[in-house]
Amino acid sequence: MTLRFTAFTLFPNFFSAHLQEGVFSRGIKQNLLAFDTVNPRDFAEDERRKVDGHPVGGGDGMVLLPDVCARALDSVVSPETVVIHVSPGGKVFNNIWARTLAENTNHIVFLCGRYAGFDERFVQSRAHHEFSIGDFVLSGGEPAALCMMDAMARFVPGVLGNAQSALADSFEDGLLEAPQYTHPIEFNGQIVPKVLLSGHHAEIARYRRQEQIRRTALQRPDLIHRQWDSLTRAEQKQVESLWKSGSGSQSPRSLSR
Ligand SMILES: C[S@@+](CC[C@H](N)C(=O)[O-])C[C@H]1O[C@@H](n2cnc3c(N)ncnc32)[C@H](O)[C@@H]1O
C-alpha cells in the first residue's frame with residue numbers, strides 16, 4: 001500500500017530537495033510513498049489571484065481566505081483523506097501519532113499556513129487534527145509538515161532499510177535512546193564504555209537500559225513520569241538518586257564558557 005502525502009501550500013517548491021534525498025526518495029521510488037501538492041493560489045478567482053485578506057476586527061498580518069482554501073482542498077480530498085492543520089496552536093506531534101497515522105491512513109493532507117494563518121471556519125470545518133512541532137513560531141507550515149511526513153514515512157513497512165534499527169530509537173519504549181559510539185575506541189582522550197567492548201550481550205543490554213533511564217531522567221523528566229509504573233523498583237531508585245544529586249547530565253557543553 002502507498003501512503004500518499006499532499007502538501008496544501010503556497011510554496012510547492014519548498015519540498016523538492018527532501019523528495020530527492022535519503023529515506024523519503026527511496027520510499028517514493030519503491031511506490032511505498034507518494035507526494036503531491038495543491039496550491040490555493042490556483043483556486044483564486046480574481047485577477048490578482050488573491051489568497052488572503054485583512055483580519056476582521058483589526059490586527060496585523062493577513063489571513064488565508066476560507067472560500068479559496070476550501071475550493072483548493074476539495075479538489076484533492078476523498079472520504080479516506082485525513083486532513084492535518086499544521087499549527088503552533090495544535091497538540092505537539094509525537095512518534096505515537098506518527099505510527100498511528102502511518103499505519104491507518106493512505107492519504108494525508110497537510111494544511112501549511114502562511115502569514116497569520118487560516119480562517120478559523122475553514123480549519124474547523126475541514127481539518128481532522130491540528131498538530132504543532134513545538135513551542136516556537138515558524139514563518140510557514142511547510143517545515144513542520146516535512147518533519148511530520150518524515151516521521152510517518154519511517155513507519156511505512158519497507159521504507160527503512162533496517163526496520164529493526166527503528167525499534168531501538170528514542171520514544172519507541174517511551175524513553176530516549178542510549179548514547180551511541182563507533183570507532184576509534186579512543187577519541188579526544190575519551191574511551192568508549194568498556195562494557196560495550198565485552199561482547200557480553202546481556203551486560204550490554206543492561207548497560208544500555210540504565211543509560212536510557214539516566215538520559216531520560218536528566219533530559220526529559222516528563223517522559224520518565226509517564227513511564228514511571230513500567231520501571232522496575234531498582235530503576236525508580238536510580239531515577240530518584242539522579243534527581244536528588246542532579247549529576248551526570250548528558251547535556252551538550254554550555255555555550256556560555
Ligand atoms: C507565522 S505562523 C502563524 C502563527 C499564528 N498567527 C499563531 O500565532 O498561532 C504561519 C504558519 O506557520 C505554521 N507554523 C508556525 N509555527 C508552527 C509550529 N510550531 N508547528 C506547526 N506549524 C507551525 C502554521 O501553519 C502557521 O499557520
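Odds and ends about this structure:
- Filter pass, Phe122 being under 21 Å from Ala44 (Cβ atoms), more than 9 Å from the ligand (Cβ to nearest atom) and in contact (Cβ under 8 Å) with a residue 24 or more places away in the chain: yes
Let's see how each residue does on (1) assigned by TED's automatic domain parsing to the domain that holds Gly113; (2) open to solvent by less than 10 Å² (accessible area, probe 1.4 Å); (3) touching a Leu at 6+ places or on another chain (Cβ under 8 Å); (4) in contact (Cβ under 8 Å) with a residue 12 or more places away in the chain:
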residue: Ala17; (1), (2), (3), (4): yes, no, no, no
residue: Gln20; (1), (2), (3), (4): yes, no, no, no
residue: Val23; (1), (2), (3), (4): yes, no, yes, yes
residue: Leu33; (1), (2), (3), (4): yes, yes, yes, yes
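- The residue pairs whose first member lies in region 58-87 and is in the same structural domain as Glu130 (by TED's automatic domain parsing), whose second member is away from the ligand (no atom under 14 Å from the Cβ) and of a type in the set (Asp, Glu), and whose beta carbons are closer than 9 Å, counting only pairs six or more residues apart or on different chains, are Asp67/Glu45; Val68/Glu45; Arg71/Glu45; Ala72/Asp42; Ser75/Asp42; Val76/Asp36.
- Comparison of Arg121, Arg114, Arg99 shows that the only residue that is among the charged types (D, E, K, R), surrounded by 14 or more Cβ atoms within 10 Å (Cβ to Cβ) and out of contact with any Gly (no Cβ under 9 Å at 6 or more places or on another chain) is Arg99.
- Filter result for Gly161 (modelled with pLDDT under 95, closer than 30 Å to Thr2 by Cβ and either of a type in the set (Asp, Glu) or loosely packed, with under 12 Cβ neighbours inside 10 Å (or both)): yes
- Condition check for Met152: touching a residue at least 60 places away in the same chain (Cβ under 8 Å), more than 13 Å from the ligand (Cβ to nearest atom) and buried (at least 20 other Cβ atoms within 10 Å of the Cβ): yes
- Whenever a residue of region 128-144 is over 8 Å from Pro88 (Cβ atoms) and touching a residue at least 24 places away in the same chain (Cβ under 8 Å), its partners that are of a type in the set (D, E, K, R) and near the ligand (Cβ under 8 Å from one of its atoms), lying with C-beta atoms within less than 8 angstrom and at least six residues away or across chains, give the pairs Ser139/Arg114; Gly140/Arg114; Gly141/Arg114.
- Of all residues in region 74-88, those satisfying the criterion of being of a type outside the set (Ser, Thr, Tyr), open to solvent by less than 60 Å² (accessible area, probe 1.4 Å) and within 14 Å of the ligand (Cβ to nearest atom) are Val83, Ile84, His85, Val86.
The values are calculated or read from the model by the stated rules, or taken from the named source; none is laboratory data. What you see is a predicted model; the values in this text were computed from it and never measured. For neighbour counting, all protein chains shown are included, and Cβ atoms are generated from backbone atoms with ideal geometry for every residue, glycine included. Areas reflect the complete protein model, heavy atoms only, side chains present, ligands, DNA and RNA absent. Shrake-Rupley method; radii C 1.70, N 1.55, O 1.52, S 1.80 Å.
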